[in-house]
Amino acid sequence: VRSDQKLTVIMSEFTIRTRKFKQNPLLGRKQFVLDIIHPGMANVSKKDLSEKLRSMYKVHDVQCIQLFGFKTAFGGGRSTGFGLIYENLDKMKKFEPKYRLKRAGLDAGKKGAGRRSKKDTKNR
């Protein structure tokens, strides 16, 4: 076993701890602060984190999980961020900001021509 093979096994491991866990029934979500311990890794992808959270909290759809605001501690190995788990996609689309919906690939954005192109076509 070479040392770089051992390193890849270690790099795939990370632990998640949640704190300040709150049920928010008015917005239809659970909200919490995430503490991630990832020794030997620069950071952990949100996709991997949401998959692990899905199994921890038995979420039916990964798209209902929103993760944001991650900061890696100086020296690495530890990160903190914020997480939201919505009850369903309708609640998520209703209450999440547009920019986070775009990041998740759920918001199509504006349809049609932009402001400048409308003016250009009008003044031809």
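Values in this text are rule-based calculations from the coordinates and carry no lab data. Being a predicted model, the structure only gives us computed values, none of them experimental. Reconstructed Cβ throughout: ideal geometry from the backbone, glycine too, with neighbour counts over all protein chains shown.
What size of dipole, in debye to the nearest 20, comes out for the chain about its Cα centre when the only charges are +1 on Lys and Arg C-beta atoms and -1 on Asp and Glu C-beta atoms?
Numbers: 30 positive and 11 negative charges, 199 e Å.
In debye, rounded to 20, the chain gives about 960.
Report the percentage of all Cα-Cα pairs in the stretch 10-105 whose separation exceeds 21 Å, rounded to a whole percent. Before the final figure, lay out the partial values.
Working: 1422 of 4560 pairs.
I get 31 percent for the Cα pairs in the stretch 10-105 exceeding 21 Å.
Given the stretch 74-114, report the % of alpha carbon pairs whose separation exceeds 14 Å. Present the calculation step by step, with values, prior to reporting the outcome.
On the way: 501 of 820 pairs.
Considering the stretch 74-114, 61 percent of its Cα-Cα pairs are separated by more than 14 Å.
Per DSSP helix of 4 or more residues, -39500 (n - 2.57); summed, then divided by the residues of the chain. What does that give at 222 nm, rounded to the nearest 500?
Values: 5 runs with 43 residues, N = 124.
Calculated at 222 nm, the ellipticity per residue is -9500 deg cm²/dmol.
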